[in-house]
Amino acid sequence: MAILDVELREESQTRYLTYALSVVSARALPDVRDGLKPVQRRILLAMLRDLRLLPEKPHRKSAAVVGDVLAKYHPHGDVACYDALGRMAQDFSLRYPLIDGQGNFGSLDGDSAAAYRYTEARLTQLAIEVVGDLAEDTVAERDNFDQTVREPVVMPSRVPNLLMNGASGIAVGMATAIPPHNLSELVKALRLIIEDPEVPDAKLLSVVKGPDFPTGCLVMNSKQELRDIYSSGRGAIRMRGDYVVEDLPKGRQQIVVVSIPYALDKSILVEKIADLIIARKVPQLEDIRDESTEKVRIVMELAKDANPDVAMAYLYKHTNLQSNFNVNLTALVPTENPHVCQPATLSLRDMLRHFAEFRLEVTAKKLNF
């Protein structure tokens, strides 16, 4: 075996660059066209093409899905693959879940999903729209890791999944954090872009009013702040949990928190508020309990004649009941080579334009087919 004499500095730079490019393009960042990371794309592909887990078919063990994905498409670990599958089934993580899960797939309290031998999954109807017309030669394909089967470079999605469900990920030297949005608003904005590519940003933002978080929290940013975020691709969305005040017998009242900020662990929030009550930092509150079922319901008992607005103002300032979602609209955009993408920080207009152009390309290929 020949021994090569190489410069350590040059070899380290070359290998680290190769690793960085692999993390950016093959793991951490979503594609602007279908909104999917490679592992998510491969899970949907295996469930559709190999296992035929259609919405009208019975559920199948998640272990079967993970095994098929690892065997044919994804040269990484089973834990990361199952985590990605579980996230696509969580209605508190995705605005529009792509997987119909059966069993314990985690909760707002930070509970992890049950082992994949205990849970079952199948595709949702919306996932079929994300997969699109895959069998009609609409997108480029490439060999899998051992060159035994082919996989699509991107899904010919019929819905703007990246903005619809958002994305988050940390690559090397860059990251992405895209909030979810309302699908009907995105469709209206896409129609505006198609009818007039130079439509003013103000008109787009009159349709896409802001993020639509699955936990139902309030967005506190002004219109100008949202305009700046969507034009630059960066900024902070201020999220605030909503509440109502309920009357009790004998003139007493209680505060009921009915929504919490996105990606917040509810059990940690309740524990923090309980600590503040015990320490008498919020004299307006006497007790707290979590009555949540499928909907968030955190009940806080008010002291007699206490002002609920004063109590909530303190909690918004000193707990994560008000927190930020740091927007970073970074995604992989196509290049002249259909097999290669490059990362870019985009505006809302850019993301809508890329998807509209992609749909035009896919439709033309479908009609040619």
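The values are calculated or read from the model by the stated rules, or taken from the named source; none is laboratory data. Worth saying up front: this structure is predicted, and the values here are computed from it rather than measured. Cβ: placed from backbone, ideal geometry, glycine included. Neighbour counts: every protein chain shown. Heads up: the accessible areas ignore ligands, DNA and RNA and are worked out on the full protein's heavy atoms, side chains in. Shrake-Rupley method; radii C 1.70, N 1.55, O 1.52, S 1.80 Å.
Given C-alpha coordinates of the range 236-369, what is the ratio Rg to Rh with the Kirkwood estimate of Rh?
Details: Rg = 23.4 Å, Rh = 18.4 Å.
My calculation of the ratio gives 1.27.
Label-point separation (nm) for THR18 and SER232, each offset 7 Å from Cα along Cα-to-Cβ?
My value for the distance between the label points is 3.9 nm.
Can you tally the net charge around ALA84? Count Lys and Arg as +1, Asp and Glu as -1, for every other residue whose Cβ sits under 13 Å from the Cβ of ALA84.
On the way: positive: ARG27, LYS37, ARG41, ARG42, ARG87; negative: ASP78, ASP83.
Here the charged neighbours net out to +3.
Quick one: net charge around ARG297, please, counting Lys, Arg +1 and Asp, Glu -1 for every other residue with C-beta under 14 Å from its C-beta.
Details: positive: LYS266, ARG289, LYS295; negative: ASP109, ASP242, GLU246, ASP290, GLU291, GLU294, GLU301.
For residues surrounding ARG297, the net value is -4.
About its Cα centre, what dipole magnitude does the range 65-200 give when the only charges are +1 on Lys and Arg Cβ and -1 on Asp and Glu Cβ, stated in debye to the nearest 20?
Values: 10 positive and 20 negative charges, 39 e Å.
Dipole of the range 65-200, to the nearest 20 debye: 180 debye.
For labels at ALA135 and LYS272 in the simple 7 Å Cα→Cβ model, what's the distance in nm?
In this crude spin-label approximation the distance works out to 5.0 nm.
Around ALA331, with a cut-off of 12 angstrom between Cβ atoms, what is the net charge of the other residues, counting Lys and Arg +1 and Asp and Glu -1?
Working: positive: ARG33, LYS37; negative: ASP31, ASP34, ASP350.
Spelling it out: positives minus negatives among the neighbours equals -1.
Would you mind telling me the share, in percent, of accessible area of the range 1-134 contributed by carbon and sulfur at probe 1.4 angstrom? Could you put the intermediate results ahead of the total?
Working: 3560 of 6790 Å².
Accessible surface attributable to carbon and sulfur in the range 1-134 totals 52 percent.
If you wrap a convex hull around the C-alpha atoms of the range 298-369 and split its volume per residue, what is the figure in Å³? Numbers along the way, then the final one.
Details: hull volume 13.7 nm³, N = 72.
Dividing the Cα hull volume of the range 298-369 by its residue count gives 190 Å³.
Can you tell me the accessible area per residue over the chain, all protein chains present, probe 1.4 angstrom, in square angstrom? Intermediate results must be reported in sequence, preceding the final value.
On the way: 18740 Å² over 369 residues.
Each residue of the chain exposes 51 Å² on average to a 1.4 Å probe.
Calculated from DSSP H runs of 4 or more alone, at -39500 (n - 2.57) each and per residue, what is the 222 nm mean residue ellipticity of the chain, nearest 500? Kindly include the intermediate steps, with their values, before the conclusion.
Values: 12 runs with 132 residues, N = 369.
One gets -11000 deg cm²/dmol as the mean residue ellipticity at 222 nm.
Could you compute how fast the range 106-219 diffuses translationally, taking Rh as the Kirkwood radius over C-alpha pairs and applying Stokes-Einstein at 37 °C with viscosity 0.692 mPa s? Give it in µm² per second. The partial results should precede the final answer.
Numbers: Rh = 17.6 Å.
Reported coefficient: 186 µm²/s.
Simple spin-label model, 7 Å along Cα-to-Cβ: VAL79 to GLU357 in nm?
For the pair VAL79/GLU357, the computed spacing is 4.0 nm.
With unit charges on the beta carbon (Lys/Arg positive, Asp/Glu negative), name the residue among ASN182, ALA84, ILE170 whose Cα is farthest towards the positive pole of the charge dipole of the range 72-194.
Positive-most Cα among the choices belongs to ASN182.
In whole percent, how big is the carbon plus sulfur part of the accessible area of the range 251-369, probe 1.4 Å, protein atoms only? Walk me through the numbers before you get to the answer.
Details: 3130 of 6300 Å².
C and S fraction of accessible area: 50 percent.
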